[in-house]
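Asker: Here's a structure for you.
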Amino acid sequence: MKLLPNCLLDLHLHLDGSLSPNNVRKLADLQGISIPSDEKELLELLTVGAHCPDLNTYLEKFAFPCRLLQTECGLTAAVSCLLEELAAEGLLYAEIRFAPQKSTDCGLTQMQAAQAAIAGLQGAKIKANLILCCMRGDDNAAENLETVRVAKELLGKGVCAVDLAGAEALFPTEDFSELFAYARKSGVPFTIHAGEAAGAESVETALRFGASRIGHGVRSVESADLLKKLAETGIPLELCPTSNLNTAVYPTLADYPLRTLMNAGVCVTINTDNTTVSATSIRRELALLTEEFNLTDAELKQLCLNAAAASFADTATKIFLREAIESAFSQ
């Protein structure tokens, strides 16, 4: 398996769900926030156990790390520290997503939160962009519109797209048509979490809204017509296998429909979702899939190339990524 250190990408990576215990301690010290000194107790706050019943329970793990993302220095350090870890792991490129509206508890505006996160990209050893998350809910329409406005102003300046995250089963994708009509009108690219807690119909809705990619989207296999549409349009899926097992979308990795999607001609990418909440890494995800589905070197290379092509990066960065992957797998 030629998984070289400089050819890995992660397009679906949540900042608040990927704060390692080491970085949590750094952020807490930086901001004077009290956290548990016991390592086991801290891990219990950050990571799901083996018996997480559903997505809603999984989402509870974000409350604690969000406390550390309420100041400019905290946000900047969080992004910077995460990129240091990703570089050490051998990543070539990452798209880090976070919800600026969730970082306003202590007085920051969404613009200030986003700019602070962008500052964390500076000086990184790898290329990266931010995706700003709108949030599913029934009382935050104004906040979601503001997230899109902020993304429009910062597009190409560290921000590359917006997203819709949160409790998919409680707040259906269909409820956010006006939000994404506004994003389309504003010229802001977007991905949408869909086909995770909800079925194939949520992916259909995201496609109708104009999503450039689908966050998760794994339950697209429940509709043959949808698989055909995804293959024909080339809309990529941001698969996050361990996370989907954590949230009980599938009981075991053997049940994961990776081969079904690939055989249908769907463009799939492999991602972590939340490295800390799911206790994983992009290298681990690819290793698990390789073992379970006997992926060949050519298939692994294609998964990396899929991610490069599916990224919201500019043309020059896409060329750089593709050439680096080709070079890494030729050695």
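The values are calculated or read from the model by the stated rules, or taken from the named source; none is laboratory data. Just so you know, these numbers come straight off a predicted model, no measurement behind them. All Cβ positions, even for glycine, are placed from backbone atoms using ideal geometry, and neighbour counts span all protein chains on display. Accessible surface is based on the protein model in full, side chains and every heavy atom, while ligands, DNA and RNA are left aside. Shrake-Rupley method; radii C 1.70, N 1.55, O 1.52, S 1.80 Å.
Asker: Multiply the residue gap between residue 122 and residue 299 by 0.36 nm, knock off their C-alpha separation, and tell me the result in nm, one decimal place.
Answerer: Gain on stretching residue 122 to residue 299: 60.4 nm.
Asker: Which lysines does residue 318 reach when only Cα atoms under 16 Å apart count, and residues fewer than 8 places away in its own chain are ignored?
Answerer: Leaving aside lysines fewer than 8 places away in the same chain, those within reach of residue 318 are 127, 301.
Asker: Roughly speaking, what is the stretch gain from residue 20 to residue 84, that is 0.36 nm per residue apart minus the C-alpha to C-alpha distance, in nm to one decimal?
Answerer: Computed gain between residue 20 and residue 84 is 21.9 nm.
Asker: In Å, what Rg and Dmax follow from the Cα atoms of the range 1-117?
Answerer: Radius of gyration, then largest Cα-Cα span, for the range 1-117: 14.9, 49 Å.
Asker: Multiply the residue gap between residue 33 and residue 60 by 0.36 nm, knock off their C-alpha separation, and tell me the result in nm, one decimal place. Can you show the working numbers first?
Answerer: Working: separation 27, 0.36 × 27 = 9.72 nm, distance 1.97 nm.
Full extension from residue 33 to residue 60 adds 7.7 nm.
Asker: Another question about this same structure. Below 8 Å, C-alpha to C-alpha, sequence gap of six or more: please give me the relative contact order for the range 257-309 in percent.
Answerer: Relative contact order, the range 257-309: 37 percent.
Asker: Which percent of the accessible area of the chain is formed by carbon and sulfur heavy atoms (probe 1.4 angstrom)?
Answerer: Numbers: 6800 of 13270 Å².
Here carbon and sulfur together make up 51 percent of the probe-accessible area.
Asker: Could you work out, for the range 126-227, what percent of all Cα-Cα pairs fall into each 5 Å distance bin, beginning at 0 Å and stopping at the bin that holds the largest distance?
Answerer: The percentages, shortest bin first, are 2, 14, 25, 24, 18, 11, 5, 1.
Asker: Among the aspartates and glutamates, which have Cα under 15 Å from the Cα of residue 152 when same-chain residues fewer than 8 positions away are ignored?
Answerer: Candidates past the 8-residue exclusion: 143, 163.
Asker: Would you kindly give the portion of the calculated P(r) for the chain that falls above 24 Å, as a percent of all Cα pairs?
Answerer: The share of Cα pairs beyond 24 Å in the chain comes to 51 percent.
Asker: So which trypsin sites (Lys or Arg not before Pro) in the range 1-62 end up in coil per DSSP with only 14 or fewer other C-beta atoms within 10 Å? The partial results should precede the final answer.
Answerer: Numbers: sites: 2, 25, 26, 40, 61; in loops: 2.
Taking the range 1-62 and a limit of 14 other Cβ atoms within 10 Å, the loop trypsin sites (Lys or Arg not before Pro) found are 2.
Asker: In the calculated pair distance distribution of the range 176-331, what percentage of Cα-Cα distances lie above 28 Å? The partial results should precede the final answer.
Answerer: Details: 2311 of 12090 pairs.
Cα-Cα pairs of the range 176-331 separated by over 28 Å account for 19 percent.
Asker: Based only on Cα atoms, what Rg/Rh ratio does the range 77-130 have, Rh being taken as Kirkwood's radius? Show your work: numbers first, answer last.
Answerer: Numbers: Rg = 11.7 Å, Rh = 11.5 Å.
Rg/Rh for the range 77-130 comes to 1.01.
Asker: Another question, then. Which of the lysines could be linked to residue 61 by a straight reach, that is with a Cα gap under 23 Å, when you skip same-chain ones fewer than 8 residues away?
Answerer: Straight-distance partners of residue 61: 26, 40, 102.
Asker: Over the chain, average the accessible area per residue using a 1.4 Å probe and give it in Å², no decimals.
Answerer: So the chain comes to 40 Å² accessible per residue, rounded to a whole number.
Asker: With unit charges on the beta carbons (Lys and Arg positive, Asp and Glu negative) and the dipole taken about the Cα centre of the range 116-164, which residue among 124, 162, 151 sits farthest to the positive side?
Answerer: The residue sitting most towards the positive pole is 124.
Asker: Pick out, in residue order, every one of the trypsin sites (Lys or Arg not before Pro) in the range 153-241 that is DSSP loop and has at most 15 other C-beta atoms within 10 Å; say none if there are none.
Answerer: 157
Asker: Now for a separate question. Could you grab the relative contact order for the chain? Cα pairs under 8 Å, six or more apart, rounded to a whole percent.
Answerer: 21 percent
Asker: In debye, nearest 20, what is the charge dipole magnitude of the chain about its Cα centre with +1 on Lys and Arg Cβ and -1 on Asp and Glu Cβ, if you could check?
Answerer: Dipole of the chain, to the nearest 20 debye: 900 debye.
Asker: Kindly write out, for the range 136-153 in residue order, the coupling ³J(HN,Hα) from the Karplus curve 6.51 cos²θ - 1.76 cosθ + 1.60 (θ = phi - 60°), rounded to whole Hz, with x marking Gly and Pro.
Answerer: These are the phi-based 3J(HN,Hα) values: 5, x, 10, 9, 10, 4, 5, 5, 5, 4, 5, 4, 5, 4, 5, 4, 4, 5 Hz.
Asker: Put a dot 7 Å past each Cα toward the Cβ at residue 177 and residue 322; how far apart are the dots in nm?
Answerer: 3.7 nm
Asker: Name the residue from 53, 71, 86 whose Cα lies farthest towards the positive end of the charge dipole of the range 1-89, charges +1 on Cβ of Lys and Arg and -1 on Cβ of Asp and Glu.
Answerer: 86
Asker: Same structure, new question: Under a Cβ-only charge scheme (Lys and Arg +1, Asp and Glu -1), can you give me the dipole magnitude of the range 28-81 about the Cα centre, in debye to the nearest 20?
Answerer: 120 debye
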